[in-house]
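Presented below is the structure to which this report refers.
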Amino acid sequence: MKYVVFTVAALGVPPLAVLLSFGRTWMKYAVWAMIGALAVYQNTAINFFSHEHYRGSSRGMEVSVVYLLAAAILLASMLKHKFPKLVPSVGAALFVVYFALCLPSWGAADNVLFSWMETWKMIMLYLTYLSVRAYLDVTDDVKPVVKGLAAFVLLNFLLLVKDHLSGVYQPHGVFPHQNGLAMAMHLFANMFFAMFLAGGWRGSLLNAAAFVAATACIVRTYSRGALAMVPVSFFVTFVLSFASAPRGRRLRVVGRVVPIAVAGMLGLAAMLPRIIERFESAPEASKNTRMELALCAREMMIDEPWRGVGINNWGIKINPPYEYAERAGRNPNRGEDFKDGIVETVYLLVGAECGIPALAAMLLWFLSYLVLCLVLAKRFAGTPYAAIPAGLAGGLLACYLQSCLEWVLRQQMNLILLMIFFGVLDYLSANHARLAASPADRGGRHG
């Protein structure tokens, strides 16, 4: 039945695109639907060639409602004679290079179907990115995207409260894992923190609510990596927000931080015993496993430094008959059905599966958007738009550093959100001169 519904939905993409092309309002609803569909991502995604028990970063050729809506938005923009550039920015070009450098790893793959699953995911992610860029180019309005993301944050917060009251130790909202929720919420918390500090767009109450909700999600997941990034990312966001604010409003930025800092310290004091318990009760075996799997990744990179052992083939190569685990000194009590896990850092995972050149390209892709945030915060200084890159600078820094301990940035939902934010940043970059010159006419009165 699920496949029948999916087929009907897929066939509905062209007529939906025609409908969306009739006006910006329809496009706005489609973007809201695309962001909202993330809340039911697991239930609306179809995995063709599914291998649900495989311990890899992709377990099927996944197609979701998010991707179908993205295709409809992109097609609608073409119907409005706004054919998007296929590679519209430096960041997009770096992603294309990263994608291309992952392809040679197919030659070392034990299972090319698994490699296709991850490759397909990367194609769908780029489709999502292009759809966001296309929507913004057609409507020239970033506010609906921001509002849709705020609603997504508040929904996750409500689910977190529900799980908290039900006694769930580490709630995860609509994400498949609490670490994924915590990492994503860093992007939201920092962006809405910066927007609240700026206070230039109407909707400060919404920004404040989204900021508080996202921060609560980070803290309540008890994710150690995410908790460690809270002071670092918020400090970066505050510094950039202060520096990009008009000189006459900088004291107001400081004034808005003070009550937040006080409330934060009170909240931290209330939850400190549980946070300390989370750090102290972490099993030693978890630390040892992380270190051993990192050594396994090193062995794979030594063996195949240029092309890796095969994209999305870690789950195969870490187990017999391959000897990477034994070479790294990892010799658990393996039963016949034992399957080892994934190395707990996205960087070593990409380096092992796709080789050092692909890893370098991914690092450049990530860093290009962090640098772009710093550049845009300066270019938009004194305008409401400065809050978006100022906040995302702190959020991206947290995600990148946390990724040294997690492989979350190979999971679909987190990557989709990352692509949405990257699309927004590229739109701001491409139109910074015009937007900075007339912020009041293009979003300065709304938030």
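Within region 406-431, how many residues are under 15 Å from residue 41 (Cβ atoms) and not in a helix (DSSP H, G or I)?
Matching residues across region 406-431 total 1.
List every residue pair whose Cβ atoms sit under 7 Å apart, with the two residues 6 or more apart in sequence or on different chains, where the first one lies in region 365-385 and is in a helix (DSSP H, G or I) and the second, anywhere, is surrounded by fewer than 22 Cβ atoms within 10 Å (Cβ to Cβ) and of a type in the set (S, T, N, Q).
Correct list of pairs: 372/429; 376/429.
Out of region 391-405, which residues are touching a residue at least 40 places away in the same chain (Cβ under 8 Å) and either part of a helix (DSSP H, G or I) or over 27 Å from residue 239 (Cα atoms) (or both)?
The answer is 391, 392, 393, 394, 395, 396, 397, 398, 399, 401, 402.
Among the residues of region 6-20, what is the count of those that are under 26 Å from the mean Cα position of the chain (by Cα) and open to solvent by 60 Å² or more (accessible area, probe 1.4 Å)?
0
Residue 113 fails exactly one of the following numbered conditions: (1) within 15 Å of the chain's Cα centre (by Cα); (2) over 30 Å from residue 210 (Cα atoms). What is the number of that condition?
Exception for residue 113: condition (1).
Out of (1) open to solvent by less than 10 Å² (accessible area, probe 1.4 Å); (2) touching a helix residue (DSSP H, G or I) at 6+ places or on another chain (Cβ under 6 Å); (3) part of a helix (DSSP H, G or I), what's the single condition that is false for residue 68?
Tallying (1) open to solvent by less than 10 Å² (accessible area, probe 1.4 Å); (2) touching a helix residue (DSSP H, G or I) at 6+ places or on another chain (Cβ under 6 Å); (3) part of a helix (DSSP H, G or I), residue 68 fails exactly one: (1).
Tally up the residues in region 27-59 that are at pLDDT below 90, farther than 17 Å from residue 414 by Cα and of a type outside the set (D, E, K, R), please.
8
If you check 202, 252, which single one turns out to be assigned to a loop (DSSP other than H, G, I, E, B), modelled with pLDDT under 90 and open to solvent by 30 Å² or more (accessible area, probe 1.4 Å)?
After applying the criteria, what remains is 202.
Taking region 27-53 as the region of interest, how many residues are of a type in the set (Phe, Trp, Tyr), without any contact (Cβ under 8 Å) to a residue 24 or more places away in the chain and open to solvent by 80 Å² or more (accessible area, probe 1.4 Å)?
Matching residues across region 27-53 total 1.
Suppose the filter is farther than 22 Å from residue 417 by Cα and among the small types (Gly, Ala, Ser); does residue 23 pass it?
Spelling it out, residue 23 is indeed farther than 22 Å from residue 417 by Cα and among the small types (Gly, Ala, Ser).
Kindly establish whether residue 211 is out of contact with any Gly (no Cβ under 7 Å at 6 or more places or on another chain), open to solvent by 10 Å² or more (accessible area, probe 1.4 Å) and under 29 Å from residue 384 (Cα atoms).
For residue 211, the condition - out of contact with any Gly (no Cβ under 7 Å at 6 or more places or on another chain), open to solvent by 10 Å² or more (accessible area, probe 1.4 Å) and under 29 Å from residue 384 (Cα atoms) - is met.
Residues 23, 60, 56: which one is free of Cβ contacts under 8 Å to residues at least 12 places away in the same chain and open to solvent by less than 30 Å² (accessible area, probe 1.4 Å)?
Result of the check over 23, 60, 56: 23.
Identify all residues within region 11-64 that are part of a loop (DSSP other than H, G, I, E, B), among the polar types (S, T, N, Q) and more than 23 Å from residue 155 (Cα to Cα); write none if there are none.
Within region 11-64, 21, 50, 57, 58 qualify.
Just give me the residues in region 427-444 being modelled with pLDDT of 95 or more and open to solvent by less than 10 Å² (accessible area, probe 1.4 Å), in sequence order.
Residues satisfying the conditions are 427, 428.
Give me the residue from region 349-374 that is among the β-branched types (Val, Ile, Thr) and over 16 Å from residue 92 (Cβ atoms) and, out of that set, nearest to the chain's Cα centre (by Cα).
Of everything passing the filter in region 349-374, 350 is nearest to the chain's Cα centre (by Cα).
Can you run down the residue pairs with Cβ atoms below 9 Å, 6 or more apart or on separate chains, where the first is in region 230-254 and within 16 Å of residue 393 (Cβ to Cβ) and the partner is open to solvent by 60 Å² or more (accessible area, probe 1.4 Å) and of a type in the set (Ser, Thr, Tyr)?
Close Cβ pairs (under 9 Å, with a partner that is open to solvent by 60 Å² or more (accessible area, probe 1.4 Å) and of a type in the set (Ser, Thr, Tyr)) do not exist here.
When you go through 384, 321 one by one, which is the residue that is open to solvent by 10 Å² or more (accessible area, probe 1.4 Å) and under 30 Å from residue 141 (Cβ atoms)?
Every option except 384 fails the conditions.
Taking only pairs six or more apart or across chains, which ones have beta-carbon atoms under 9 Å, a first residue in region 141-168 that is more than 11 Å from residue 39 (Cβ to Cβ) and without any contact (Cβ under 8 Å) to a residue 60 or more places away in the chain, and a second residue that is among the hydrophobic types (A, V, I, L, M, F, W, C) and not in a helix (DSSP H, G or I)?
162/168
Being more than 30 Å from residue 316 (Cα to Cα) and not small (Gly, Ala, Ser) narrows it down to one residue among 149, 113, 125; which is it?
149
Just a yes or no: is a residue in region 288-308 of a type in the set (S, T, N, Q), more than 27 Å from residue 60 (Cα to Cα), open to solvent by 30 Å² or more (accessible area, probe 1.4 Å) and not in a helix (DSSP H, G or I)?
no
In a loop (DSSP other than H, G, I, E, B), on the phi > 0 side of the Ramachandran plot, modelled with pLDDT under 90 and among the small types (Gly, Ala, Ser): is that true of residue 167 in this structure?
Taking the combined requirement at face value, the residue satisfies it.
Going by what's in this entry, would residue 179 be described as buried (at least 24 other Cβ atoms within 10 Å of the Cβ) and at pLDDT 95 or above?
No: the conditions fail for residue 179.
Name every residue in region 78-101 that is open to solvent by less than 20 Å² (accessible area, probe 1.4 Å) and touching a Lys or Arg at 6+ places or on another chain (Cβ under 9 Å), in order of residue number.
84, 92
The values are calculated or read from the model by the stated rules, or taken from the named source; none is laboratory data. Because the structure is predicted, anything quoted here is derived from the model rather than measured. Here the Cβ is made from the backbone with ideal geometry for all residues, glycine too, and neighbour counts use every protein chain on show. Just the protein is used for accessible areas: all its heavy atoms, side chains included, with ligands, DNA and RNA removed. Shrake-Rupley method; radii C 1.70, N 1.55, O 1.52, S 1.80 Å.
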